[in-house]
Structures are given as C-alpha cells and as structure tokens.
1. Report the charge-dipole magnitude of the range 113-258 in Debye, nearest 20, computed about the Cα centre from +1 at each Lys and Arg Cβ and -1 at each Asp and Glu Cβ.
2. Roughly what percent of Cα-Cα pairs across the chain reach past 31 Å?
3. Give the Rg/Rh ratio for the range 113-258, taking Rg as the radius of gyration of the Cα atoms and Rh as the Kirkwood radius, to two decimals.
4. Could you work out the local net charge near Pro37, counting Lys and Arg as +1, Asp and Glu as -1, over the other residues with Cβ closer than 12 Å to its Cβ?
5. Give me the percent relative contact order of the range 113-258, please, defined on Cα pairs under 8 angstrom at least 6 residues apart.
6. So how many Lys-Lys pairs in the chain land under 24 Å Cα to Cα, not counting same-chain pairs under 8 apart?
7. Arrange Met204, Met118 by Cβ neighbour counts within 10 Å, fewest through most, would you?
8. If you average 1/r across every pair of different Cα atoms in the range 2-75 and take the reciprocal, what Kirkwood value do you get, in Å?
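Values quoted throughout were computed directly from the atomic coordinates according to the rules given, and no laboratory measurement underlies them. Note that the structure is predicted; figures quoted are calculated from it, not measured. Cβ placement follows ideal geometry from the backbone for every residue including glycine, while neighbour counts extend to all protein chains displayed.
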Amino acid sequence: MGGLAHFLEDEGLATTQISLIRPQTENTKPPRALWVPFEMGRPMGPPNDPAFQTKVLRAALALLERDDGPVLLEDFPDDAPNVTDAAGAENGEGWFCPINLPPPPADLEAGGGFKAAMEAEIGGLTTWYDTALRERGRTTVGISGMTIAEAKDFVCAFLDGETPDNPRDDVVLGQCLKFAVEDLKAFYREAAGAQPGQNSGKEMNDWFYGATAAGKAMYALRPIAFGLTKELDDSFMGTFANLLLIPASQKYRIEKQEA
C-alpha cells in the first residue's frame, strides 16, 4: 500500500495509511502513515471497541492536515486496550474458552483419526457458533461454498492420502483447499469467540493450533500440500503450504515436531 500511495499522490489524491510493521513502512516511505503498536491483523485495535477504533481512524486521517512532509511517519501514542494488559479485559476478565472439546487421540493419522477427531470437535462447537451468528448477525464462513462438514471431509481426504476432485471450476485445487481451510479456521474461531471475556489473536491462535485436532491437522497438511505442488503442477499449492496455511507466530511448532 505504501508504494501505491506514491502513485495516487502523483495523480493529486492525498493518502494516509495505518502501519503495523514500522521497519517495512520506513523502507517504503509512504507520504503519510500512522504506526500502531497492535498485533498483526488488528490495525484498528481490539474488536468490539468502536470508541478506540474511532480514535485510531481519526489519528490516521489527521495526518492529511499536516504539511511537514513529504514523508511523514507518526507513532500512535496508545497501546491497544486489553491486549498488553496481563489482567485481560478492562472489567478484569481475560478470555477463557470453557468448551469441553474431546482431547485429540494420540495417533491422529491412524484410521482416519483426523476426520473422527474433527467431527467430534465440530459437534462440540456448533452450538457456540450458532450463538455467535445470532449475536453478530454475520459470519466469515462460506468462502469455499461448502458446508463445514463438507470442508472437513475435503481437507481430511488430503490427510488420508487422497487427492479429491476439485468441486469448483473457477479456481485451482490449491485455492479450493485454501478456501476449505479458511472456512474451518473461521468456524472454530467464531465459535470460540462467543466465549466470555476478551481474547487476543495470539490467544486464539495458541488455542486453535495448539489444542485442537483441526489445528494439528494444519501441520500434517503442510508437507502433503508441498508434495502435491509438482505432482499436480499447481504452484499455488506450494504458496499456500509455505505462507498461508500456518501463521509465522505458530511455525515454531513445526520445528518442535521435526526435532
């Protein structure tokens, strides 16, 4: 976005932006940028806090009124509420996830273990997902065009050594697999997000990738997707496995598994 801002400015359109990675913004040198000390994925701060988000947005727009350029990088002065405070939310309650999911079997790969374990988890999460959907009136689940059960079966087919047919003719198989994975992640996160308290993205990722069978499936899927890149001549499959399947903050688990 920083590079694009220069082209827009050359056409006479003033720009401003929010930066989450300060060194990157320093390198691209956009005309105006507000660096915020928030976690990745939350450029406006924590969710469900419109007053704070408005404050961030106003600070970014206020840079348009400044004339001390041509390059201006301003630091937002406040930390995000409920994120850096070890006590959790302002009311004293941090996020907790009391969903009693069945513990994943020790050997998930044996006899369709991932599929059975994920079916049990999805069954335990469905009520909470429905609660979240009623309260929010929206969902990010659905990009794959599959039901959650279908998305689970599609992903588990790869884990069981199969290469399923592509159910869509508008995207390559790797892209379809990414969509199914994203729907599963969104389902788990929206269900868990219905729990009391405030959670950081790190807490949510730690829970998903560290404590659920679906999260463990992501690690098992990674080498499979890599292997299919050349076999299927699907370059996106490799990009998905390397960059999109597991967040950088959770890749340390790969090193532990390989050690």
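1. Here the size comes out at about 560 debye.
2. The share of Cα pairs beyond 31 Å in the chain comes to 38 percent.
3. 0.96
4. -2
5. Numbers: 141 pairs, mean separation 40.4, N = 146.
The normalised contact order for the range 113-258 reaches 28 percent.
6. For the chain, the number of qualifying lysine pairs is 27.
7. Working: Met204 17, Met118 27.
Starting with the residue having the fewest Cβ neighbours, the order is Met204, Met118.
8. Working: mean 1/r = 0.0788 Å⁻¹.
About 12.7 Å, per the Kirkwood formula over Cα pairs.
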